[in-house]
Amino acid sequence: MEIFANPDTWISLLTLTFMEVVLGIDNIVFISIIVNRLPKEQQGKGRTIGLLLALVFRVILLLFISYIVQAKEPLFTLDLPFTAEALEVSIRDIILFAGGLFLLAKSTTEIHNKLEGEEETHGQVKATTTLGKILIQIILIDIVFSFDSILTAVGLVDEVIIMIVAVVISMIIMLIFAKAISDFVNERPTIKMLALSFLLLIGVMLVAESFHVEIPKGYIYFAMFFSLLVEMLNMKLRKKTTPVHLRQNEVLDADKYDLA
């Protein structure tokens with residue numbers, strides 16, 4: 001492994017690992033939200049299998065990276081009224097378009113269920129599906145996220161071995177923090193709604209990219225982290241005011257008890 005004797009290799013590895021972790025955040029959020037529909041005893045298993053599937057898909061795609069690069073070659077063209085030139089459609093565009101629509105549909109359904117007041121118990125959604133159905137959804141979105149992640153990796157480094165090592169390291173990191181992220185999202189309704197809103201945004205971005213409209217991912221992730229920071233401040237503010245409400249409730253309960 002002479003390649004790892006080169007300092008530039010380690011710089012590329014660290015950079016790509018960081019990028020893979022950042023790009024994998026939306027995958028973790030998606031898995032965390034849909035796995036919450038499983039019985040509690042199966043949720044950890046669902047998260048682990050989901051992330052391992054993401055790892056497997058990314059490694060397999062890396063082994064066929066020459067074909068993945070060719071997936072950007074146009075298959076046919078479409079004349080659309082809102083484009084000045086004919087749109088060249090590739091396999092990548094089809095995958096991004098289908099994945100974007102799937103993410104939009106899934107996020108919209110989850111938001112609708114939250115607004116309609118789905119049944120929850122101690123912060124957990126009542127189990128409404130099976131592990132098999134959840135894994136099918138995870139596989140579908142893993143294909144899209146893995147495909148997009150691999151194309152990003154190709155633009156950063158040339159050696160496949162570096163890409164594979166970076167993907168493995170990033171997945172280990174995500175496996176370690178997956179439960180903490182999942183609990184953080186699912187136990188806080190406002191954070192969960194914020195996460196679903198950003199999955200909607202990512203779905204729109206994927207559909208836009210399928211039409212060759214490039215939206216810099218940096219803008220998306222900056223908006224995500226900024227909104228999360230604002231919500232964290234709101235949570236801290238609500239936490240400071242909660243004791244006042246609790247004291248008021250205790251006084252009311254005491255009054256009811258005296259009247260009885």
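What the table shows:
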| quantity | calculated |
| --- | --- |
| Enumeration of residues in region 1-54 that are out of contact with any Lys or Arg (no Cβ under 8 Å at 6 or more places or on another chain), under 26 Å from Y219 (Cβ atoms) and among the small types (G, A, S) | S12, G24, A54 |
| Candidates L156, L140, L80 - the one that is surrounded by fewer than 19 Cβ atoms within 10 Å (Cβ to Cβ) and modelled with pLDDT of 80 or more | L140 |
| Candidates D8, D26, D79, D93, filtered to the one that is under 15 Å from E159 (Cβ atoms) and either acidic (D, E) or under 20 Å from the mean Cα position of the chain (by Cα) (or both) | D8 |
| Exclusive hit being surrounded by 13 or more Cβ atoms within 10 Å (Cβ to Cβ) and at pLDDT below 80, set V69, V29 | V69 |
| Test result for G44, buried (at least 19 other Cβ atoms within 10 Å of the Cβ) and either of a type in the set (G, A, S) or in contact with a Cys (Cβ under 7 Å, 6 or more places away or on another chain) (or both) | no |
| Test: residue in region 117-127 that is modelled with pLDDT of 85 or more and either surrounded by 12 or more Cβ atoms within 10 Å (Cβ to Cβ) or not in a helix (DSSP H, G or I) (or both) | no |
| Answer from T109, T9, T48 - the residue that is within 26 Å of S210 (Cα to Cα) and among the hydroxyl-bearing types (S, T, Y) | T109 |
| Residue in region 91-100 that is open to solvent by less than 70 Å² (accessible area, probe 1.4 Å), in a strand (DSSP E or B) and β-branched (V, I, T) present | no |
| Among the residues listed as L151, L175, L233, L228, the single one being closer than 26 Å to S107 by Cα, within 14 Å of the chain's Cα centre (by Cα) and either at pLDDT 85 or above or in a helix (DSSP H, G or I) (or both) | L175 |
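The values are calculated or read from the model by the stated rules, or taken from the named source; none is laboratory data. Treat the numbers as computed from the prediction; the structure is a model and nothing was measured. All Cβ positions, glycine included, derive from the backbone under ideal geometry; neighbour counts span all protein chains shown. Quick note on the areas: whole protein, heavy atoms, side chains included, nothing else; ligands and nucleic acids left out. Shrake-Rupley method; radii C 1.70, N 1.55, O 1.52, S 1.80 Å.
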